[in-house]
Amino acid sequence: MRVAFLPRHGRHHEHPPANVPFRANLWAMRSLGVTRVFGPCAAGSLQPHIDRGHVVVCDQLVDRTWGRPDTFFDRFDDGAVHVSFAEPYCPTLRHVAIDAARRSGATVHERGTVVVIPGPRFSTRAESSMYRSMGFDVINMTQHPEAYLARELGLCYATLAMVTDHDAGVEGVDPVTMEEVLRVFEDNLVRLREILHDALTSVPTERTCACADATGGKVPAPPPSKA
């Protein structure tokens, strides 16, 4: 099995969340022949029952970012393209990720809504409390537009959100710090790699989902060289 790996923030983590070249990253994957993408990410918990070290295999996404290039269809020269995104994550890859995470012994949440914020700053207590009261489960800075761009390219996409902190809205818990995020993520990196290796070998050969046909045959344009 041939596998492509690309660090979304750059080799040395030089791209802050708003400046990640999402379009270039996903286009590069498809150019290599990739058809399925696992996009693991660090995430903060917004709910008391989701703790540090837990894995959330998200099934929904709420975008609260702005200004990010988030489509390959900047023009409608060949007709309008409005892609369905009601189910942001590939159901097949989600099931694969859930099973692999469970086999690793991790505490797994099979569903969850991730709210995506611009970053690089963390939330205020008021913002975090608002997101929690709205029923969102985890918070992250990169799932949009990454998941949507994969859909425009006809790629299956799923995430494994590795919970590193409790953001700033869980009562009685200290607000998140960068040091805490890095420490918890590093502590769980071995398990995350184990999950991904297992998941990669469990992906079905044939694609039976609708991800590949999301644009109705319309061909996306390549991004600008610095996108």
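Counting only DSSP beta bridges whose two residues both lie in the stretch 44-213, roughly 30 percent are antiparallel. Note on the stretch 1-48 and the stretch 141-156: Cα centroid distance 10 Å, given to the nearest whole angstrom.
Net charge in the neighbourhood of THR215 (other residues with Cβ under 11 Å of its Cβ; Lys, Arg +1, Asp, Glu -1) is -1. The order of the peptides 157-166, 144-153 by mean Cβ neighbours within 10 Å, most packed first, is 157-166, 144-153.
Net charge around ARG52, counting only other residues with Cβ within less than 11 Å of its Cβ (Lys, Arg = +1; Asp, Glu = -1)? Write out the running numbers ahead of the final one.
On the way: positive: ARG183; negative: ASP51, ASP165, GLU180, ASP187.
Charge balance near ARG52 sits at -3.
Relative contact order of the stretch 62-216: what whole-number percent is it, with Cα pairs under 8 angstrom and at least 6 residues apart? Each step should come with its number before you reach the end.
On the way: 173 pairs, mean separation 51.3, N = 155.
Averaging sequence separation for qualifying contacts and normalising by length gives 33 percent for the stretch 62-216.
Scaling the Cα radius of gyration of the chain by the globular reference 2.2 N^0.38 Å produces a ratio of 0.99. Cβ-to-Cβ counts within 10 Å put MET130, MET178 in ascending order as MET178, MET130, the fewest first. Taking label positions 7 Å along the Cα-Cβ direction at both ARG103 and ALA28, the computed distance is 2.9 nm, reported to one decimal.
What's the local net charge at THR71, with K and R +1, D and E -1, over the other residues with C-beta under 9 Å away? Can you show the working numbers first?
Numbers: positive: ARG23; negative: ASP70, ASP74, GLU152.
Result for the neighbourhood of THR71: -2.
Each reported figure results from applying straightforward, stated rules to the coordinates on display, with no laboratory input. Just so we're clear, the structure is a prediction, and the values are computed from it rather than from any experiment. Backbone-built Cβ (ideal geometry, glycine too); neighbour counts: all protein chains shown.
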